[in-house]
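The values are calculated or read from the model by the stated rules, or taken from the named source; none is laboratory data. Note that the coordinates shown come from a computational prediction; the quantities given were computed from them, not determined experimentally. Don't worry about glycine lacking a Cβ; one is built from the backbone with ideal geometry, like all the others, and counts go over all protein chains shown.
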């Protein structure tokens, strides 16, 4: 509560609290930024090399290629995999636009697949239907992009088995699930490569746009590094292929280095917040997120499902009046949106995807979410329902 003009007002809850984290890290961030200002290497400076080396050590992978966004990480991965115009790539429809956009901007064809109700992620049992839809459309289907939505990795082990049996590659979109694990293996080590995002709202975020690609494939990494800087070869002005400008700024690398030092602690705090939500929401009538028995989550978002037939906008409006922000990820499946409506969809329809889009609701989630604030969120939700 706070008093304004003699009236007590309810303080608004932070949906994602970056200010508390910054206060905690400000001295180290300032020191690292001052170091960048002192050496003046603002593009591909030493902090970029240090960050990439840290990622390689953390994940035990051969190559970490930092870049300018999670979307660019996907594009660099696709370029490294040699995707060609007209080839088909399976991707969930229930995802952020970048997952499909990266395929389409290279002239390849997204094939929209179904997801699981429990995890929101690509359904391994329905991949055969997506592959059949692509083949029926006359496409040479070459790969799969699973997405670790809201922090939990997709069933990457089962998807990898399907991809191998079908002669396809797998590029994991871990924009939201970096920091999670599956069967005691860290995300970033599955498939041909993994792309992630360092957008500020992500579990590990910088203070601008940023991303990275992780792989053990030497050729894929070489192509991605070349494409990251206009397709350059051994010399700056020698171009071996068509490329792009996708470098990570040194200042963003410096911020990420500071944040990486507390990342594991923040993942633990996120899990504690998720556990408290699960307890507080019991018997509330909503469906809470369900983790696979073999997975951990980075809890990029805490997404519930409202009771069927609930007026979601009315719930959001009511909670907003109580000072509690919410969000909807994602109200419109990719296959229903104008730029993507002409692409193939999985044989047998996408009923689960469409049902999720109609009733999901994201609650405030971040490492510094305490029990008192969560009580407010849950009470506001109950009142709205």
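Things to note:
- For residue 255: the one exception among (1) outside any loop (DSSP other than H, G, I, E, B); (2) out of contact with any strand residue (DSSP E or B) (no Cβ under 7 Å at 6 or more places or on another chain); (3) under 28 Å from residue 120 (Cα atoms): (3)
- Unique match (being in contact (Cβ under 8 Å) with a residue 40 or more places away in the chain, crowded, with 16+ Cβ neighbours inside 10 Å, farther than 30 Å from residue 274 by Cα and not assigned by TED's automatic domain parsing to the domain that holds residue 340) among 98, 133, 113, 137: 133
- Where residue 377 falls short, out of the listed (1) closer than 20 Å to residue 299 by Cα; (2) assigned to a helix (DSSP H, G or I); (3) out of contact with any strand residue (DSSP E or B) (no Cβ under 7 Å at 6 or more places or on another chain): (3)
- Exactly one residue out of 275, 264 is modelled with pLDDT of 95 or more, surrounded by fewer than 18 Cβ atoms within 10 Å (Cβ to Cβ) and closer than 24 Å to residue 65 by Cα, and it is 264.
- Among (1) under 30 Å from residue 305 (Cα atoms); (2) touching a helix residue (DSSP H, G or I) at 6+ places or on another chain (Cβ under 6 Å), the one test that residue 253 misses: (1)
- For segment 269-294, the candidate set comprises residues that are within 18 Å of the chain's Cα centre (by Cα) and part of a helix (DSSP H, G or I); within that set, the residue that is nearest to residue 24 (Cα to Cα) is 270.
- Taken as a whole, the condition of being without any contact (Cβ under 8 Å) to a residue 40 or more places away in the chain and over 19 Å from residue 303 (Cβ atoms) applies to residue 231.
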